[in-house]
Amino acid sequence: LEETLSADQEEDPDKIHVHHASIHNLKSVSVSIPKNSITVITGVSGSGKSSLAFDTLYTESQKQFMDLTFSNPLTENALLDISVDKISGLLPSIAIKQQSFHSNPRSTVGTLTKVADLLKLIFTVIGERKCPVCHQKIDASHVCSKCGEILFDSTPQIFNYNHPDYMCPVCKGLGVQRQVDQSKIVEYPEKSLLDGASSFYGNLRKHRKKPNANWIRGEILALAEDLKEDLSLPFHQLSSSFKQQFFHGSKGREVRLAYETAKGTSGIISRPVEGALSIIQRLSSDSRTSKGHNSLKKYMSSSLCCHCQGERLLEEARLINIHGYRYPQIVTLSITELQNWCHGIYGKLTKQQQQKTSTLFRKLNHRLNRMHSVGLGYLSLNRNLPSLSGGEAQRLKLAIQLGTGLSGILYILDEPSKGLHPKDYQFLLKGITALKETGNTVIVVEHKQCFLSIADMHLRMGPKAGRYGGELVLVQHRQEIKASLSEDHWHPQRNQLSLADRFPETCFFKDSTKKNPPFIHLKKVSTNNLKGIDVAFPIGMISAVIGVSGSGKSSLVTKTLYPYLLKTLGKSVDTTGTFEEITGLETIQKVFYVHQHPIGNHSRSNPGTYIGVFDLIRNYYAATDAAKKQGFTKDYFSFNSKKGQCPDCLGLGEIPIDNHYMEGVYIPCSLCQGKRYTTEVLEIKVKQLSIGDILDMEIHDLMDFFQDEQEIFHLISMLHKVGLGYLKLGQKASSLSGGESQRLKLAKELSKKHNYHSLYILDEPTTGLSNEDVNKVLLLLKELQAKGATIIIIEHHPHILSECDYIIELGPGGGHQGGRLLQCGFPEPPAD
Ligand code: ADP
Ligand code: ADP
Ligand code: ZN
Ligand code: ZN
């Protein structure tokens, strides 16, 4: 004990000391991290960066600082046993992760940052009021005038569209109304109703014989007979009187339908025609059929609320204005525009108004500046939080932290460069430096080298991923970092350069005469911020879409092209973006999209179940003679089924520590020794391995084992090809790092049956990969291309870009400042 105490005293109190961290793949890592400084942890995906920063430092900090109020010896011992010997000098910490907000769709950038609250106050204090009856300015004289006494609530709540008293009564504060849309009921007016012009009524030819089964369809046949209409004509050629009643009903006039069923019975029905619009309206407002409700959504479109014009509020609130600017208009401005508005308007206020609001304006200005400083100047206040990307969400969280003015905090940031164009890094560099300057300690987990220019200390984890990583392979201090930066190919000023500058060796041919593939053409795309651009993607080639964050890459690819393609392929989609025309899709027969969303934190899913190989392996075990003899069917080999799972850990192989603030900490199950199954199931072995052993093995070691099982081998080798060979087949999906989960998705999509005419959309497939793994992904893409696939990637990795056939650059900025096509073409080395 004495020894530990004296060792304690020698420890520098200006550092956080980690002794022998060994959670996950960490190999007894000990390190001292200086306080009030920036430490950047680099290393390839899966090397152990998050295990050190989040699972060791952050988790331990939560525990130590929570322990001031709760004390729980069980967790303390369990945690010490499994993760780290000791950490001293720790600070309270805040994690700023890349997770998008999964909040209420009604919360917005404005509400989260409290900027909306300040604006509401300002409008309440100095806003000019108008009478909603006569639209006259309200003052003492108006109150006694003919409009009567209108009592206004003088509270900022009047601008709160979530408040039942103040929301627009028609749309309930949503700003939009759903209405049945005629063009969605008759999707193919060039076809006849008999041949399925309307997906709502389906193919009426089939129905013609037995109208009694379904009067909804029968009434259309009855109406046609009544009006002597020829239903075999294309819908658009039918008489307007028929079309009118088709949609709006016969207004009480009864029509007769004589029918004969297949069985030979016959009869006559006589009733008024209700009409498609009324039927859909009626069914969708019937609360008993909420399931049917969803399927009716596809016949509706949402439009601006006709009462509030999408402004969500009561009219009295919407009319309040400051020099003609109304609150609902102000919240649609971007942060940058709002900053300008504030400066302009303050000068126009009277001395008295300025006095009342100077503090409010000052606070507002600070908040806006901070959002601007992290590069979010292009966002508008009324943007809803769930629609922000992970990176935008993270920068917003950073801006909020900058505003708290807290000091003495350990901030841990998770891959802040993800999804960012190198031009955007400068904002983050400033924000992170500002955190340090207010007296905080910052740890940045980042696989890219881009944050080293501001680092006081650099820790590199490695040398590789999983079992082959987990060591501290490099520790550098400021001086050494500087020295290595200057000789490194990386220069901060490179970030300022545009694509053409960063690739001086390539030039662009806008109309390449050499390469002339067929193209997919998108005309006048204006989804979100896109400025009516025309873009084309070559079929059978690899195209990259690049541009700063918010420039419109996803708006173009994943919010316009992708949903439109899905729709063309017969899938139902909510919206397809805004554009004039998309052509050239005739040859595409399948589309795959590998996105960045996490796989989910399901502890029962793992690489094996996710890609579907585990199902085949269960079949394989169930087909053995030993299993058949015992009567062990496929079910017995599922760790999710009561039949074969270990009764203690219920097939997880580990048991969670039951404690509310230690979420996610597990100890191995002592009954099955982590093997998940009952002893009987574990006795069924192939080449000495039980199914529990298989789950516990690394994927690359399974390739030999299954070399003769074609289907299993195909899937296993796909995991290996995307660089996940080092993972255990049964490692739970919730524990995979971001890059690992993305590659798992990639492997799944790539292993699906594709054909000559597939199109792949990939969102930053190289996030967190080592150069070696980037090459693996590239090879895979080339393999797909060789099979005839078209590939579109949103990507900034220079190596991938240099191997792409076609490049599309959007920009120049984010939001309003972006959305233009800067350049596109086939990059080619200049002829010498
Ligand atoms: P990085 O942050 O460098 O990408 P991580 O620290 O997330 O890497 O992961 C390091 C290794 O530990 C990876 O192989 C990962 O799959 C593994 N790992 C992470 N969490 C768990 C867990 N809960 N259980 C088992 N292995 C894990
Ligand atoms: P990138 O993919 O290049 O980062 P995005 O296409 O996501 O850019 O965004 C382009 C612009 O459109 C940004 O200003 C962004 O804030 C805005 N935007 C994106 N999604 C939505 C949405 N669901 N609603 C409103 N604006 C959006
Ligand atoms: Zn409304
Ligand atoms: Zn068990």
Checking Lys243 against (1) charged (D, E, K, R); (2) touching a Pro at 6+ places or on another chain (Cβ under 6 Å); (3) closer than 23 Å to Ser301 by Cα, the condition it does not meet = (2)
Filter result (in a loop (DSSP other than H, G, I, E, B) and either aliphatic (A, V, I, L, M) or more than 16 Å from ligand 2 (Cβ to nearest atom) (or both)) within the range 396-454 = Gly405, Leu406, Ser407, Gly408, Ile409, Leu420, Thr438, Gly439, Asn440, Glu446, His447, Lys448
Kindly indicate whether Ile712 is in contact with a Phe, Trp or Tyr (Cβ under 7 Å, 6 or more places away or on another chain), modelled with pLDDT of 85 or more, within 16 Å of ligand 2 (Cβ to nearest atom) and on the phi < 0 side of the Ramachandran plot.
-> no
Check on Gly730, buried (at least 20 other Cβ atoms within 10 Å of the Cβ), farther than 29 Å from Tyr564 by Cα and either within 21 Å of the chain's Cα centre (by Cα) or within 16 Å of ligand 4 (Cβ to nearest atom) (or both) = yes
Subset of the range 225-269 [in contact with a helix residue (DSSP H, G or I) (Cβ under 8 Å, 6 or more places away or on another chain), part of a loop (DSSP other than H, G, I, E, B) and at pLDDT below 85] = Thr261
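Run down Gln817, Gln785, Gln823 and say which single residue is more than 18 Å from Phe519 (Cα to Cα) and more than 16 Å from ligand 4 (Cβ to nearest atom).
Criteria check complete, one pass: Gln817.
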Contacts under 6 angstrom Cβ, first residue in the range 743-763 being outside the structural domain of Thr560 (by TED's automatic domain parsing), partner at pLDDT below 80, 6 or more apart | Asp763/His595; Asp763/Gln596
Name the helices (runs of 4 or more DSSP H) wholly inside the range 79-179 in which the number of residues that are away from ligand 3 (no atom under 16 Å from the Cβ), buried (at least 17 other Cβ atoms within 10 Å of the Cβ) and modelled with pLDDT of 90 or more is 1 or more.
-> 109-113, 115-126
Which ones in the range 730-788 are over 23 Å from Thr42 (Cβ atoms) and of a type in the set (Val, Ile, Thr)?
-> Ile761
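A quick yes/no check of all residues on (1) touching a helix residue (DSSP H, G or I) at 6+ places or on another chain (Cβ under 9 Å); (2) modelled with pLDDT of 90 or more:
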| position | (1), (2) |
| --- | --- |
| Val545 | yes, yes |
| Ser549 | yes, no |
| Ser572 | yes, no |
| Thr576 | yes, no |
| Glu581 | no, yes |
When both residues are 6+ apart or on different chains and their Cβ atoms are under 6 Å apart, which pairs have a first residue that lies in the range 647-666 and is modelled with pLDDT of 75 or more and hydrophobic (A, V, I, L, M, F, W, C), and a second that is assigned to a loop (DSSP other than H, G, I, E, B) and away from ligand 1 (no atom under 12 Å from the Cβ)?
-> Cys649/Cys669; Ile655/Cys649; Ile655/Cys669
Enumerate the helices (runs of 4 or more DSSP H) found wholly within the range 613-727, keeping only those where 3 or more residues are away from ligand 4 (no atom under 16 Å from the Cβ) and buried (at least 22 other Cβ atoms within 10 Å of the Cβ).
-> 613-622, 710-721
Please enumerate the residues belonging to the range 558-570 that are more than 14 Å from the chain's Cα centre (by Cα) and either under 13 Å from Thr527 (Cα atoms) or buried (at least 20 other Cβ atoms within 10 Å of the Cβ) (or both).
-> Thr560, Leu561, Tyr562, Pro563, Tyr564, Leu565
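So that you can scan it fast, the table gives a plain yes or no per residue for (1) crowded, with 18+ Cβ neighbours inside 10 Å; (2) in contact with a Lys or Arg (Cβ under 6 Å, 6 or more places away or on another chain); (3) outside any strand (DSSP E or B):
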position: Ala544; (1), (2), (3): yes, no, no
position: Gly550; (1), (2), (3): yes, no, yes
position: Glu586; (1), (2), (3): no, no, yes
position: Thr609; (1), (2), (3): yes, no, yes
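The values are calculated or read from the model by the stated rules, or taken from the named source; none is laboratory data. The model shown is predicted, which means the values in this text are computed figures rather than measured ones. Neighbour counts are summed over all protein chains in view; Cβ atoms, including those assigned to glycine, are modelled from backbone coordinates with ideal geometry.
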